[in-house]
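J.: Below: one structure in structure tokens.
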Amino acid sequence: MTTTVAWSNWSGSVRCEPRRLARPEDEAAIVALVAGLAGDRSTPLRPAGTGHSFVPLCATDGVLLSLDRLQGIIDVDPARQEATVWAGTELHGLGAPLLAAGLALENMGDIDRQSLAGAVGTGTHGTGRTLGSIATQVVGLRLVLASGETLDCSAEQEPEIFAAARLSLGALGVVTRVTLRLLPAYRLHERTWAASFDECLAGLAALIEANRHFEFFWSPREDACAMKALNPTTAAALEGPAEPPAAPGRLARYLGPERVDWSHRIFPSERTLRFNELEFAVPAANGPDCLRELRSLMQSRHPEVAWPIEYRTQRADDIPLSPAYGRETVTISLHQAHDRPHEAFFADAEAIFRNHRGRPHWGKMHRYDARDLRAAYPHWDQFGAARRRVDPDGRWLNPYLRRLMLE
Ligand SMILES: Cc1cc2nc3c(=O)[nH]c(=O)nc-3n(C[C@H](O)[C@H](O)[C@H](O)COP(=O)(O)OP(=O)(O)OC[C@H]3O[C@@H](n4cnc5c(N)ncnc54)[C@H](O)[C@@H]3O)c2cc1C
């Protein structure tokens with residue numbers, strides 16, 4: 001079934017009018033659609049998830065291919081702690097069936113509304129110095145290539161394509177199924193509290209070390225931080241205060257009552273206010289200085305921005321286009337309301353990130369082009385070689401991806 005509609009992303013920063021929004025009902029229909037367009041260079045083709053990226057990764061005036069009808073678990077193997085999942089599955093649909101099989105995702109980000117393929121394809125991550133992005137949990141996937149052929153890849157099968165495909169922005173083909181490495185289901189204990197900026201930075205290294213997941217939001221209006229720590233627990237419930245800790249102003253939004261629950265119920269928050277976002281990954285050792293400079297920037301040149309800065313950690317990984325490639329990482333994100341100007345603020349912040357060897361989050365706003373990205377990624381050309389092998393004609397590249405991929 002196909003329908004024609006105007007498409008926009010979550011924040012409203014990207015709008016496009018695809019000739020066709022295709023919502024194939026199964027993998028065979030995806031293969032037939034892509035194969036049918038294989039020789040048609042006049043019809044661009046882009047895969048889309050739930051549109052939670054802030055940049056025009058999905059934008060096309062050709063065929064926008066949504067996998068929103070491919071939801072759920074295909075196969076789960078509790079002994080191997082792995083599950084194969086339809087790529088369109090929204091992350092909130094994974095928690096309950098995985099729990100029923102005694103399993104859980106290793107980590108999750110701030111929300112659970114994204115599709116699995118979209119989250120994997122942009123390096124979506126949570127926080128934790130020993131933990132990688134969701135893409136690091138992928139052990140295999142199936143691609144539908146521009147030719148209409150399918151290609152299964154893993155560390156053993158087509159390893160070069162697999163290395164690139166784990167984080168590939170929909171530039172290698174349509175991912176239809178993803179096999180994930182999982183953990184035995186676990187409960188998390190969540191604790192939040194407020195701290196002054198100086199207290200936060202003084203205790204930061206110890207907090208990152210001591211907690212499986214630690215992050216904080218620095219709020220410019222209060223010049224204070226909302227701190228959050230999550231740790232696995234065997235406790236079934238919590239006997240504690242039901243009220244969130246006291247906090248001034250906006251900070252209170254980021255604090256909640258102490259609680260214990262299954263991991264997939266603790267990780268995600270609700271984001272009801274729309275915003276635009278920029279995020280960079282910097283070497284972990286640069287994190288505190290980078291944050292200090294961003295705080296000075298906001299206090300001196302952008303006092304109009306009331307949205308907080310989010311500070312998280314990620315372990316080094318080996319995925320060619322991962323912002324955490326080869327280095328212990330801190331990610332720092334800045335926000336502005338979706339209907340307020342963000343350009344000057346984000347441009348000033350990006351200059352600071354560049355000085356700290358920052359790599360932009362692929363789903364968030366930035367101004368890097370192919371030259372900047374090549375300088376930031378030691379295996380940039382490895383990704384390019386894999387992309388050209390499976391898509392020599394650049395069928396998956398829209399104008400935004402051309403700026404990122406082609407010098
Ligand atoms: C409120 C909010 C909170 C967020 N929180 C976090 C966070 O905590 N951590 C974080 O790292 N990021 C976060 N993000 C960013 C978000 O996770 C990423 O932008 C993610 O890509 C969105 O997933 P999606 O399903 O919406 O993908 P889309 O934005 O629709 O697509 C993203 C990319 O994936 C590709 N793609 C989608 N489906 C397929 C497929 N089947 N095959 C091949 N390619 C495909 C698209 O072509 C595109 O290049 C957040 C975004 C928002 C709006």
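The values are calculated or read from the model by the stated rules, or taken from the named source; none is laboratory data. Remember, predicted model here, so these are calculated numbers, not experimental data. Neighbour counts are summed over all protein chains in view; Cβ atoms, including those assigned to glycine, are modelled from backbone coordinates with ideal geometry.
J.: Read through the list (1) within 14 Å of the ligand (Cβ to nearest atom); (2) within 22 Å of residue 117 (Cα to Cα); (3) surrounded by fewer than 18 Cβ atoms within 10 Å (Cβ to Cβ), then give the number of the only condition that residue 338 fails.
T.: (2)
J.: Taking segment 193-231 only, how many residues are part of a strand (DSSP E or B) and buried (at least 21 other Cβ atoms within 10 Å of the Cβ)? Working first, answer last.
T.: Initial filter on segment 193-231 (part of a strand (DSSP E or B)): 193-196, 213-219, 224-231.
In the following step, the residues that additionally are buried (at least 21 other Cβ atoms within 10 Å of the Cβ) were identified as 194, 213-219, 224-228, 230.
Looking only at that region, the number is 14.
J.: Identify, please: which residue in segment 9-52 is of a type in the set (S, T, N, Q) and within 11 Å of the ligand (Cβ to nearest atom) and is, among those, farthest from residue 114 (Cα to Cα)?
T.: Taking segment 9-52 and keeping what is of a type in the set (S, T, N, Q), we get 9, 11, 13, 42-43, 50.
From what is left, the residues that are within 11 Å of the ligand (Cβ to nearest atom) are 9, 11, 13, 50.
On the way: 9: 12, 11: 13, 13: 17, 50: 6 Å.
Looking at residues that are of a type in the set (S, T, N, Q) and within 11 Å of the ligand (Cβ to nearest atom), I get 13.
Yes or no, residue by residue, for (1) among the charged types (D, E, K, R); (2) within 10 Å of the ligand (Cβ to nearest atom); (3) closer than 30 Å to residue 205 by Cβ:
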site	(1), (2), (3)
61	yes, no, no
69	yes, no, no
76	no, no, no
80	yes, no, no
97	no, no, no
103	no, no, no
110	yes, yes, yes
124	no, yes, yes
145	no, no, no
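J.: Inside segment 112-142, can you point out the residues that are farther than 12 Å from residue 317 by Cβ, over 14 Å from the mean Cα position of the chain (by Cα) and surrounded by fewer than 24 Cβ atoms within 10 Å (Cβ to Cβ)?
T.: Going through segment 112-142, the residues farther than 12 Å from residue 317 by Cβ turn out to be 112-122, 124, 126-129, 139-142.
Still in the list and also over 14 Å from the mean Cα position of the chain (by Cα): 128-129, 139-142.
Listed by number, the residues that qualify are 128, 129, 139, 140, 142.
J.: Quick one: count up the residues across segment 225-256 that are over 20 Å from residue 127 (Cα atoms) and within 27 Å of the chain's Cα centre (by Cα). Give the derivation first.
T.: Quick first cut of segment 225-256, residues over 20 Å from residue 127 (Cα atoms) only: 234-250, 252.
Now drop any that are not within 27 Å of the chain's Cα centre (by Cα), which leaves 250, 252.
Matching residues across segment 225-256 total 2.
J.: In segment 147-180, how many are in contact with a Pro (Cβ under 9 Å, 6 or more places away or on another chain) and hydrophobic (A, V, I, L, M, F, W, C)?
T.: Qualifying residue count, segment 147-180: 6.
J.: Would you pick out the residues in segment 154-191 that are within 16 Å of the ligand (Cβ to nearest atom) and hydroxyl-bearing (Ser, Thr, Tyr)?
T.: 168, 176, 179
J.: Name every residue in segment 265-306 that is within 14 Å of the ligand (Cβ to nearest atom), under 25 Å from residue 243 (Cβ atoms) and either at pLDDT 95 or above or in contact with a strand residue (DSSP E or B) (Cβ under 9 Å, 6 or more places away or on another chain) (or both), in order of residue number. Don't jump to the end; show me each part of the working.
T.: First, pick out the residues of segment 265-306 that are within 14 Å of the ligand (Cβ to nearest atom): 266-281.
From what's left, under 25 Å from residue 243 (Cβ atoms): 266-273.
Correct list: 266, 267, 268, 273.
J.: Considering only segment 6-21, I want to know if a residue exists there that is in a loop (DSSP other than H, G, I, E, B), outside the structural domain of residue 278 (by TED's automatic domain parsing), in contact (Cβ under 8 Å) with a residue 40 or more places away in the chain and acidic (Asp, Glu).
T.: As a first pass, look at segment 6-21 and keep what is in a loop (DSSP other than H, G, I, E, B): 6, 9-14, 17-19.
Pick out the ones that are also outside the structural domain of residue 278 (by TED's automatic domain parsing) and you get 6, 9-14, 17-19.
Next cut, in contact (Cβ under 8 Å) with a residue 40 or more places away in the chain only: 9-14, 17-19.
Those left that are additionally acidic (Asp, Glu): 17.
The answer is yes; a qualifying residue exists.
J.: Something else about it: Can you tell me which of 50, 43 is surrounded by fewer than 18 Cβ atoms within 10 Å (Cβ to Cβ) and of a type in the set (Ser, Thr, Tyr)? Before you say what the answer is, go through the steps one by one.
T.: On the way: 50 fails: surrounded by fewer than 18 Cβ atoms within 10 Å (Cβ to Cβ).
Testing whether each residue is surrounded by fewer than 18 Cβ atoms within 10 Å (Cβ to Cβ) and of a type in the set (Ser, Thr, Tyr) leaves just 43.
A quick yes/no check of all residues on (1) in a loop (DSSP other than H, G, I, E, B); (2) among the acidic types (Asp, Glu):
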{"site": "277", "(1), (2)": "no, yes"}
{"site": "281", "(1), (2)": "no, no"}
{"site": "286", "(1), (2)": "no, no"}
{"site": "293", "(1), (2)": "no, yes"}
{"site": "297", "(1), (2)": "no, no"}
{"site": "303", "(1), (2)": "yes, no"}
{"site": "320", "(1), (2)": "yes, no"}
{"site": "323", "(1), (2)": "yes, no"}
